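A short worksheet on the structure shown next.
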Amino acid sequence: MPSKSPIWFLYIIRTAKQTLYTGITTDVKRRLSQHQNGKGAKYLNGHHDLDVVYQLSVGDKSTALKLEYRIKQLSKQQKEKLIASSPNLSDLLTLLVK
């Protein structure tokens with residue numbers, strides 16, 4: 001019997017200094033804990049009071065990687081609009097194709 005593929009999530013974290021970090025994971029809660037403990041992205045080392053401001057189940061790892069890349073290309077202002085609108089997967093895909 002084939003093993004079930006994990007569900008991947010896209011997430012955006014806001015730091016206390018109001019910067020935004022975008023990442024992907026199969027477990028947002030675990031990944032946030034890793035970031036808070038200095039394990040993970042070098043960008044977040046030394047940052048405390050991290051808050052997940054957006055998360056979305058995106059399915060497979062390939063889709064997650066593509067979305068992460070596209071969101072990382074956005075300006076901070078565009079990311080703030082994305083967070084405020086909190087799009088579902090279909091809407092997010094539409095937004096990023098434009």
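Scanning the stretch 72-93 for residues that are exposed (fewer than 11 other Cβ atoms within 10 Å of the Cβ), assigned to a helix (DSSP H, G or I) and without any contact (Cβ under 8 Å) to a residue 12 or more places away in the chain returns 77, 84, 90. Consider the stretch 13-44 and keep the residues that are of a type in the set (Gly, Ala, Ser) and touching a helix residue (DSSP H, G or I) at 6+ places or on another chain (Cβ under 9 Å). The one that is surrounded by the fewest Cβ atoms within 10 Å (Cβ to Cβ) is 38.
Condition check ((1) modelled with pLDDT of 95 or more; (2) of a type outside the set (Lys, Arg); (3) under 10 Å from the mean Cα position of the chain (by Cα)) across all residues:
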{"site": "14", "(1), (2), (3)": "yes, no, no"}
{"site": "17", "(1), (2), (3)": "no, no, no"}
{"site": "37", "(1), (2), (3)": "no, yes, no"}
{"site": "45", "(1), (2), (3)": "no, yes, no"}
{"site": "49", "(1), (2), (3)": "no, yes, no"}
{"site": "68", "(1), (2), (3)": "yes, yes, yes"}
{"site": "71", "(1), (2), (3)": "yes, yes, yes"}
{"site": "75", "(1), (2), (3)": "yes, yes, no"}
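Taking the criterion of being in a helix (DSSP H, G or I) and either touching a Lys or Arg at 6+ places or on another chain (Cβ under 9 Å) or on the phi > 0 side of the Ramachandran plot (or both), the only residue of the stretch 44-71 that qualifies is 71.
The values are calculated or read from the model by the stated rules, or taken from the named source; none is laboratory data. Small disclaimer: the values here were computed from a predicted structure and weren't measured. Note that each Cβ is placed from the backbone with ideal geometry, even for glycine, and that neighbours are counted across all protein chains shown.
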